[in-house]
Amino acid sequence: MIFGITSLVLIVALSLRLTFGRYLGRLPEDNRKITAENFKAYIKWIAGWKLSFLKLERWDRCLDHLVAWGKKNYPGWTAWVFYILSLCYVYLAFSGLIFAWLVPRGLYGYPLLLHVAAGALFAISLTIILFLKAREFLPDKLGLRAATQDKRGFWCPLLGKHLPRSYLAAVAFWVFAVSGFLLAASTLGSMLPYFNYPAQILFFNLHRWSALASVLAAILTLDVMIVD
């Protein structure tokens, strides 16, 4: 119950924060403030934007954009690693969250078996992605990337200025990587016959909260790295 409520609140809150920041970024700089008028206008804007996702062509455009982004940032055969990672993660996130929110028993049966299989592919593809991209998110690379990026960057209404997207992208990348490692380690630990029941409960809770951290990092990644 605590995990279900906390995960739902954090996912909704982060999504609203990111979309509200994007809405403010569309306004003239003098009007980019957290006010009741801007929030009402944002609600109308987000309602129309959400309704557009009921159309199939919008989902086709999103998929085409994701495929094109993958080809651009992962040339050659490495693009397929990114696609496998994305496909596995979508199933892992949706199956885990839906069962956590709606099914008191939790994940079981064939969805659980597919969850485990997708988790193995996710761990392998994430390891390859780390070998390919980790060096791009090291501290010595971030300053150069921030200097060459669009000066507008990521609008922060609390600070009233733009932040370099490269720093947020690095945070999202490493949180996703660390949480992915904890997800794999907790799954492997729960399968081994060397741990008692309290340790199994610890692995279960570690798996759940690491999954939530990875979902939040994935949402941030979509906003600061993939979505234009």
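The values are calculated or read from the model by the stated rules, or taken from the named source; none is laboratory data. Since we're looking at a predicted model, the values are computed, not measured. Cβ atoms come from the backbone with ideal geometry, glycine included; neighbour counts cover every protein chain shown.
Would you confirm, using the coordinates I've provided, whether A79 is over 16 Å from the mean Cα position of the chain (by Cα), surrounded by fewer than 16 Cβ atoms within 10 Å (Cβ to Cβ), within 19 Å of T221 (Cβ to Cβ) and free of Cβ contacts under 8 Å to residues at least 24 places away in the same chain? Working first, answer last.
On the way: over 16 Å from the mean Cα position of the chain (by Cα): yes; surrounded by fewer than 16 Cβ atoms within 10 Å (Cβ to Cβ): no; within 19 Å of T221 (Cβ to Cβ): yes; free of Cβ contacts under 8 Å to residues at least 24 places away in the same chain: yes.
The answer is no for A79.
Listed by first and then second residue, the pairs linking a residue in the stretch 1-29 that is under 21 Å from K40 (Cα atoms) and without any contact (Cβ under 8 Å) to a residue 60 or more places away in the chain to a residue that is part of a helix (DSSP H, G or I) and hydroxyl-bearing (S, T, Y), with Cβ atoms under 7 Å apart and 6 or more places separating them unless they lie on different chains, are Y23/Y42. Of all residues in the stretch 192-208, those satisfying the criterion of being surrounded by fewer than 16 Cβ atoms within 10 Å (Cβ to Cβ) and touching a helix residue (DSSP H, G or I) at 6+ places or on another chain (Cβ under 9 Å) are F195, A199, Q200, L202, F204, N205. Considering only residues in the stretch 191-215 that are hydroxyl-bearing (S, T, Y) and in a helix (DSSP H, G or I), the one that is nearest to F173 (Cα to Cα) turns out to be S214. When S166 is tested against (1) part of a helix (DSSP H, G or I); (2) hydroxyl-bearing (S, T, Y); (3) surrounded by fewer than 20 Cβ atoms within 10 Å (Cβ to Cβ), exactly one condition is not met: (3). Looking at L27, L14, L10, L18, just one residue is in a loop (DSSP other than H, G, I, E, B) and surrounded by 12 or more Cβ atoms within 10 Å (Cβ to Cβ), and that residue is L27. Of all residue pairs spaced 6 or more apart or on separate chains, those with beta-carbon atoms under 6 Å, a first member in the stretch 182-208 that is within 24 Å of I124 (Cα to Cα) and a second member that is part of a helix (DSSP H, G or I) and among the hydroxyl-bearing types (S, T, Y) are L182/S210; L183/S210; Q200/S190; F203/S186; F203/S190; L206/S186; H207/S186.
Filtering the stretch 88-130 to residues that are of a type in the set (F, W, Y) and surrounded by fewer than 17 Cβ atoms within 10 Å (Cβ to Cβ) leaves F94, W101, Y108, Y110. A Cβ distance below 7 Å, combined with a sequence gap of six or more or placement on separate chains, defines the contacts here; from the stretch 97-122, residues that are more than 19 Å from N205 (Cβ to Cβ) reach residues that are among the aliphatic types (A, V, I, L, M) and assigned to a helix (DSSP H, G or I) in the pairs A118/L92; L121/I84; F122/L85; F122/L92. Put simply, of L114, L97, L142 the only residue that is in a helix (DSSP H, G or I), under 29 Å from A68 (Cβ atoms) and at pLDDT 90 or above is L114.
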